[in-house]
1. Label point 7 Å out from Arg72 along Cα-to-Cβ: which residues of the range 184-213 have amide N under 19 Å?
2. Starting from the Cα-Cα distance between Trp154 and Gln206, subtract it from 0.36 nm times their residue separation and give me the gain in nm to one decimal.
3. Could you pull the accessible area for Asp121 with a 1.4 Å probe, rounded to 10 Å²?
4. Listed highest first by mean packing, meaning other Cβ atoms within 10 Å per residue, what order do 76-82, 210-216 come in?
5. Size of the dipole of the range 28-142 about the Cα centre, Lys and Arg at +1 and Asp and Glu at -1 on the beta carbon, nothing else charged, in debye to 20?
6. How much accessible surface does Lys191 have with a 1.4 Å probe, in Å² rounded to 10?
7. Using label points projected 7 Å from each Cα along Cα→Cβ, tell me how many nm separate Leu120 and Gln188, to one decimal.
8. Order these peptides, 104-110, 49-55, by their mean beta-carbon neighbour count within 10 angstrom, highest first.
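The values are calculated or read from the model by the stated rules, or taken from the named source; none is laboratory data. The model shown is predicted, which means the values in this text are computed figures rather than measured ones. Ideal geometry is used to build each Cβ from the backbone, glycine not excepted, and the neighbour counts take in all protein chains shown. Side chains included, ligands, DNA and RNA excluded: accessible areas come from the protein's heavy atoms. Shrake-Rupley method; radii C 1.70, N 1.55, O 1.52, S 1.80 Å.
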Amino acid sequence: MSEDSRISRRGLIGAGLGTAAGLIAERLAGAAPASPDCDAGTPAQTSGPYYPTHDRDDEDPDLTQVKGRPGRASGEVIYVQGRVLDTNCRPVAGALVEIWQANRWGRYDHEKDAGNPRPLDPNFQSWAEMLTDAEGRYRFKTIKPGSYPAEGDWIRPPHIHFKIARRGYHELVTQMYFDGEPLNEPDQILKALPPEERARVTVAPQPVPPELEAGARLCVFDITLRPVG
């Protein structure tokens, strides 16, 4: 699927940050301002085997509910939000941000994870995309993913995959991790990064204003894209 086709289909979602969703994003941003190190850049990481291969009817930024289903995803609700910036810390508007992840039990809704004995969650969207607004902001509502076995005794820690694309910038694929997880230190993918780069892809969840969602937590993850040329 081309970037242009996705942008044309998802433009309304990106514009949503300027309406009610935008007000929430501003509240969250005000509650937890980030201090990005833009020149250092966001480290690239593998996309893994579970990158979505098919369009879905529901690709909006709320992964906790699936269109047409009355239920809600199981697990701890988190808001993941931040800004997409260039190497001079200027916002990158109109960047396509995609996320995909395992559910709370560590299972991907993907054909390559069909042998995983952990359960699927029919109420979890598992993948979403949106465009950044004029200030480079994005925001997703999701659940904290579970860990899962990779190979041998290697167990992947909770993480969320990101893919960010914008014409004029190098496409970036990376992963976001959660501070304090005991499986972070032995993870083969995360420990391949130098310590300072590990810190750039690790977030410390914090409470959100209770009127947004009691018990939910906020993860602020700013992302730097490198310009082409």
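1. Backbone N within reach: 206-213.
2. Once the chain is fully extended between Trp154 and Gln206, it gains 15.9 nm.
3. That residue has around 20 Å² of solvent-accessible surface.
4. 76-82, 210-216
5. Numbers: 13 positive and 18 negative charges, 77 e Å.
Using only the charged Cβ atoms, the result is roughly 360 debye.
6. Solvent-accessible area, nearest 10 Å²: 110 Å².
7. 2.7 nm
8. 104-110, 49-55
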